[in-house]
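The values are calculated or read from the model by the stated rules, or taken from the named source; none is laboratory data. A quick note: this is a predicted structure, and the numbers were derived from the prediction, not measured. Cβ coordinates were reconstructed from backbone atoms using ideal geometry, including for glycine residues, and neighbour counts include every protein chain displayed. To get the accessible areas, we keep the full protein, side chains included, count just its heavy atoms, and leave off ligands, DNA and RNA. Shrake-Rupley method; radii C 1.70, N 1.55, O 1.52, S 1.80 Å.
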Amino acid sequence: MKLATWNVNSLKVRLPHLLDWLAATGTDVVCLQETKLEDSRFPLAEIEAVGYRVAFSGQKTYNGVAILSRTPLAEVQAGIPGFDDEQRRVLAATLGEGEAAIRVVCVYIPNGQSLDSDKYVYKLRWLDALIAWLRDEIARHPRLALLGDYNIAPEDRDVHDPAAWAGQVLVSDAERARFQALIELGLKDAFRLFDQPDKSFSWWDYRMMGFRRNLGLRIDHILLTPALAARCRSAEIDKAPRRLERPSDHAPVLATLAPEDGEGTTT
DNA sequence: ATGTCTCAGGGACTGAGA
């Protein structure tokens, strides 16, 4: 089972990339961020036509999240319960049933703009609400995957030039402490379960020829509870869509899970 | 290198957000 996350930076613009990529990779579940589409404008028919069920929570111009899955989605939840937020940044859904059910949580964590911005205060508050909610959610769903654009580079090795970025948003101590709090809920960073090339990034600024010079950050992540991490066989960043014409500024991140014992076998 | 891309409003370009 291939799970993925991709900040598409406008689903309207990136729909052809997404459909090509789904066909090329055979991804089973993908979490999208920055769809930037009101729900009435979501390209439901085009996506269903290629064999995916969809849940989405969008708004005009900004934000917007969606989950695409080859199997049905249940218990769909938009937003963090009890956290009042106009911005469409969270969507959760359950795949499968009973013991084998997997809870998928798609997040578009606020960018924060800069350390002296109100948006940074919002980011930290938002992360605190996410952490508190996930504590309960993980207790209810031992098989949980948290996928999305975290807008946090967890470590210096996730930053092309840590000295240049020191003290900036996306790498600040307070943000990294929140990422660590997620890890302390028991979640594992799927990408770091495996040896990875140095200077592996998932986002590159459109400016300064950032992608060609690999001036990137690793800010898109797949975190897995231990039950899912034990089944994780590989994780990678797929840079291919970033090389296309009119790319998103983010590349998709993937994790492959082995079937659970007894799952997918015939008798 | 205030660098690029997307979107809305409004009907050309500007500003916001990232």
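Miscellaneous remarks
- Taking the numbered list (1) in contact with a Ser or Thr (Cβ under 6 Å, 6 or more places away or on another chain); (2) free of Cβ contacts under 8 Å to residues at least 60 places away in the same chain; (3) not small (Gly, Ala, Ser) in turn, A:Val253 passes all entries but (2).
- With respect to (1) in contact (Cβ under 8 Å) with a residue 60 or more places away in the chain; (2) out of contact with any Lys or Arg (no Cβ under 8 Å at 6 or more places or on another chain); (3) within 16 Å of DNA strand B (Cβ to nearest atom); (4) not charged (D, E, K, R), the lone exception for A:Asn9 is condition (2).
- Of all residues making up the stretch A:59-75, the number that are of a type in the set (Gly, Ala, Ser) and either open to solvent by 40 Å² or more (accessible area, probe 1.4 Å) or over 17 Å from A:Arg14 (Cα atoms) (or both): 2
- One residue stands out among those in the stretch A:220-262 that are loosely packed, with under 13 Cβ neighbours inside 10 Å and at pLDDT below 95: the one that is nearest to A:Asp28 (Cα to Cα), which is A:Pro259.
- Just one residue in the set A:Tyr206, A:Tyr150 is farther than 30 Å from A:Ala100 by Cα, within 16 Å of DNA strand B (Cβ to nearest atom) and of a type in the set (Phe, Trp, Tyr); that residue is A:Tyr206.
- Qualifying residue in the stretch A:24-46 (condition: modelled with pLDDT of 95 or more, on the phi < 0 side of the Ramachandran plot and small (Gly, Ala, Ser)): yes
Quick grid of which residues meet (1) within 16 Å of DNA strand B (Cβ to nearest atom); (2) over 18 Å from A:Ala255 (Cα atoms); (3) modelled with pLDDT under 95:
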{"residue": "A:Ala55", "(1), (2), (3)": "no, yes, no"}
{"residue": "A:Gln59", "(1), (2), (3)": "yes, yes, yes"}
{"residue": "A:Leu68", "(1), (2), (3)": "no, no, no"}
{"residue": "A:Val76", "(1), (2), (3)": "no, yes, no"}
{"residue": "A:Ile80", "(1), (2), (3)": "no, yes, no"}
{"residue": "A:Ile102", "(1), (2), (3)": "no, no, no"}
{"residue": "A:Val105", "(1), (2), (3)": "no, no, no"}
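- Subset of the stretch A:25-37 that is in contact with a strand residue (DSSP E or B) (Cβ under 7 Å, 6 or more places away or on another chain) and without any contact (Cβ under 8 Å) to a residue 60 or more places away in the chain - its residue that is nearest to DNA strand B (Cβ to nearest atom): A:Thr35
- Selection within the stretch A:38-58 - open to solvent by less than 40 Å² (accessible area, probe 1.4 Å) and either in contact (Cβ under 8 Å) with a residue 40 or more places away in the chain or within 16 Å of A:Val107 (Cα to Cα) (or both): A:Val54, A:Ala55, A:Ser57, A:Gly58
- Residues that are surrounded by 18 or more Cβ atoms within 10 Å (Cβ to Cβ) and hydroxyl-bearing (Ser, Thr, Tyr), drawn from the stretch A:104-141: A:Tyr108, A:Tyr120
- Matching residues, the stretch A:178-219, being buried (at least 20 other Cβ atoms within 10 Å of the Cβ) and in contact with a Cys (Cβ under 8 Å, 6 or more places away or on another chain): A:Ala190
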